[in-house]
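The values are calculated or read from the model by the stated rules, or taken from the named source; none is laboratory data. Because the structure is a prediction, the values reported are computed rather than measured. As a convention, Cβ positions derive from the backbone with ideal geometry for all residues, glycine included, and neighbour counts pool all protein chains shown. With ligands, DNA and RNA removed, areas are computed over all heavy atoms of the protein, side chains included. Shrake-Rupley method; radii C 1.70, N 1.55, O 1.52, S 1.80 Å.
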Amino acid sequence: MRICRFLACLLILSLSLSSCKKKQEPIFYESSRKEAPVKEVPKDILAAQQAFTNVVKAVNPSVVNISTVSKKKLVQPFFELSPLFNDFFDGGQMRPQYRREKSLGSGFIINSDGYIITNDHVVRDAESIQVKLSNDKVYNGKVVGSDSKTDIAVIRINAGQPLPSAVLGDSDKLQVGQWAIAIGNPFGLDRTVTVGVISATGRANMGIETYEDFIQTDASINPGNSGGPLLNVYGEVIGINTAIVAAGQGIGFAIPVNMAKQVVAQLIKKGSVTRGWLGVSIQPVTEEIAKSFGQGKAQGALVSDIMAGSPAEKAGLIQGDIILRFAGKEIRDPRQLQLVVADTPVGQKVEVEIFRDGQTQKLAVTLGNSDSASAVKPKSAEPQTGWFGLTVEELPANMRMGGVRGVLVTAVDPEGMSAESGIQRGDIIISINRKKIAGLADYAGAMKEAERKGSVALLVKRGDANIYFAIKIR
């Protein structure tokens with residue numbers, strides 16, 4: 001009996017101990033992948049993840065961090081008003097005061113000799129430049145050349161050994177929606193990688209640089225990313241990260257690498273950039289202008305002015321021509337023509353296709369040097385404007401200097417179509433539907449004909465500018 005009781009107690013004790021053991025939970029669960037919450041990840045996701053990893057591993061060694069120290073002049077004119085600041089003056093003249101500023105940026109090596117592409121604004125006015133490589137070695141950098149109009153600069157370091165270099169891709173082949181990978185030094189955080197897509201191409205009129213043809217991406221770009229590479233899934237550089245929209249998230253801009261190629265080549269060769277020059281003033285072709293010129297589709301760049309002695313004048317371009325193709329490239333708008341001309345080497349002879357008098361023609365033009373453009377003045381000065389709601393008079397004799405002919409706008413009805421189009425008092429109407437206007441008789445005849453036609457294109461002289469205005473008569 002005692003033995004049975006003893007055995008029963010042992011059984012109860014063992015059951016109690018086993019129940020205690022079952023209640024003990026592990027501190028954490030460590031996966032051997034067999035215990036992973038998701039047993040099967042889609043192969044395309046794994047492939048995409050591996051692709052990003054491969055790009056970073058391959059390109060990271062060519063990406064550099066750039067730190068600069070620059071000397072900035074302080075402008076403090078109010079010091080002159082107080083005798084407390086006499087120590088700042090020397091012989092009655094205020095001594096300029098300076099402060100040193102530090103900034104961070106990014107860049108990428110393009111050949112084993114140590115040439116590095118970055119943004120001009122990263123190294124502008126820098127007294128000293130330090131470049132940190134992926135192996136944490138730091139070298140002094142020297143500016144080889146820079147171009148503020150595209151915000152591109154080339155610097156060089158002497159590492160004493162061949163350096164890993166990035167491979168430049170073809171940004172003309174980019175399509176919206178493709179993957180984009182940015183590597184850089186945002187806020188001083190070394191080698192940060194962000195991923196997104198190409199949101200848009202050909203972004204312009206942003207007011208950032210003179211020549212704009214930006215790639216827009218939602219891959220995060222922050223201060224310090226400037227000058228770093230934007231990559232495709234092949235690890236090729238497709239752009240140079242440059243700017244962000246401060247008020248928006250996921251809106252960053254990169255300079256297309258194809259724009260950079262010619263600039264960089266010139267900077268390395270001679271330290272500066274020389275651009276092609278045509279010598280015309282241009283404006284967009286609106287639907288109204290296209291109709292009044294007899295053009296079936298609103299496209300191209302309308303020539304509103306020709307510079308005297310310019311390549312355009314020598315080639316036979318005239319006011320009112322619409323440039324449709326330049327050097328084999330279709331011209332959609334004035335911005336594109338500006339970029340194509342700038343990228344064409346000085347002295348190169350190219351074919352220009354224009355729309356004139358209802359038909360297309362081809363001309364050959366040899367481009368000049370844009371550096372000479374500032375010394376050349378317009379061949380003529382003729383703006384655009386036009387029509388009902390206008391009061392015009394004969395052009396006074398004192399305004400006919402230089403051979404200017406036309407009629408003077410003396411009043412514009414604020415509720416009329418002319419005011420809507422932008423015509424102003426003081427404008428000189430010099431042609432109507434491409435017919436030159438010498439006086440009031442020509443003006444009256446041309447306006448009657450335009451009324452029958454239903455639309456009018458006016459060329460107006462306003463100051464030193466020539467402008468076309470197209471108005472659809474209601």
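Within the stretch 209-253, the residues that satisfy the criterion of being acidic (Asp, Glu), part of a loop (DSSP other than H, G, I, E, B) and open to solvent by 30 Å² or more (accessible area, probe 1.4 Å) are Glu209, Asp213, Asp218. Taking the stretch 264-285 as the range and being of a type outside the set (A, V, I, L, M) and open to solvent by less than 50 Å² (accessible area, probe 1.4 Å) as the test, the residues that pass are Gln266, Gly271, Thr274, Arg275, Gly276, Trp277, Gly279, Ser281, Gln283. Mind listing just one residue for me: the one in the stretch 338-359 that is open to solvent by less than 50 Å² (accessible area, probe 1.4 Å) and of a type in the set (D, E, K, R) and, of those, farthest from Phe214 (Cα to Cα)? That would be Arg356. Selection over the stretch 396-417 of residues that are modelled with pLDDT under 80 and either within 15 Å of Ala444 (Cα to Cα) or part of a helix (DSSP H, G or I) (or both) gives a count of 7.
Taking the stretch 318-337 as the range and being in a loop (DSSP other than H, G, I, E, B), open to solvent by 20 Å² or more (accessible area, probe 1.4 Å) and out of contact with any helix residue (DSSP H, G or I) (no Cβ under 8 Å at 6 or more places or on another chain) as the test, the residues that pass are Ile318, Gln319, Gly328, Arg332, Asp333. For Asp172, state whether it is touching a Pro at 6+ places or on another chain (Cβ under 9 Å), open to solvent by less than 70 Å² (accessible area, probe 1.4 Å) and under 19 Å from Leu231 (Cβ atoms). When the stated conditions are applied, Asp172 does not pass them. One residue stands out among those in the stretch 159-194 that are touching a Gly at 6+ places or on another chain (Cβ under 6 Å) and in a loop (DSSP other than H, G, I, E, B): the one that is farthest from Val237 (Cα to Cα), which is Ala159.
Scanning the stretch 211-230 for residues that are closer than 17 Å to His121 by Cβ and touching a residue at least 60 places away in the same chain (Cβ under 8 Å) gives Tyr211, Glu212, Pro223, Gly224, Asn225, Ser226, Gly227, Gly228, Pro229. Annotation note: of Lys261, Lys297, the sole residue that is among the basic types (Lys, Arg), closer than 30 Å to Ala166 by Cβ and either open to solvent by 50 Å² or more (accessible area, probe 1.4 Å) or not in a strand (DSSP E or B) (or both) is Lys261. For the stretch 359-377, the criterion of being touching a residue at least 24 places away in the same chain (Cβ under 8 Å), under 26 Å from Asn433 (Cα atoms) and assigned to a loop (DSSP other than H, G, I, E, B) is met by at least one residue.
For the residues Gly406, Gly422, Gly426, the requirement of being open to solvent by 10 Å² or more (accessible area, probe 1.4 Å) and touching a residue at least 40 places away in the same chain (Cβ under 8 Å) singles out Gly422. Select from the stretch 300-310 the residues that are buried (at least 16 other Cβ atoms within 10 Å of the Cβ) and part of a loop (DSSP other than H, G, I, E, B) and write down the one among them that is modelled with the lowest pLDDT. Of everything passing the filter in the stretch 300-310, Ser310 is modelled with the lowest pLDDT.
Residues in the stretch 26-58 that are modelled with pLDDT under 75 and of a type in the set (D, E, K, R): Glu30, Arg33, Lys34, Glu35. Considering only residues that are farther than 24 Å from Pro223 by Cα, part of a helix (DSSP H, G or I) and either β-branched (Val, Ile, Thr) or under 17 Å from the mean Cα position of the chain (by Cα) (or both), which ones fall in the stretch 264-289? Matches in the stretch 264-289: Ile268, Ile289.
Among all residues of the stretch 195-204, there is none that is assigned to a loop (DSSP other than H, G, I, E, B) and modelled with pLDDT of 90 or more.
For every residue, the table says whether it meets (1) within 23 Å of Ile255 (Cβ to Cβ); (2) open to solvent by 60 Å² or more (accessible area, probe 1.4 Å); (3) assigned to a strand (DSSP E or B).
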| residue | (1), (2), (3) |
| --- | --- |
| Arg100 | no, yes, yes |
| Gly107 | yes, no, yes |
| Asn111 | yes, no, no |
| Ile117 | yes, no, yes |
| Gln130 | no, yes, yes |
| Asp136 | no, yes, no |
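Within the stretch 434-474, if we keep just the residues that are within 35 Å of the chain's Cα centre (by Cα) and in a loop (DSSP other than H, G, I, E, B), the residue that is surrounded by the most Cβ atoms within 10 Å (Cβ to Cβ) turns out to be Arg434.
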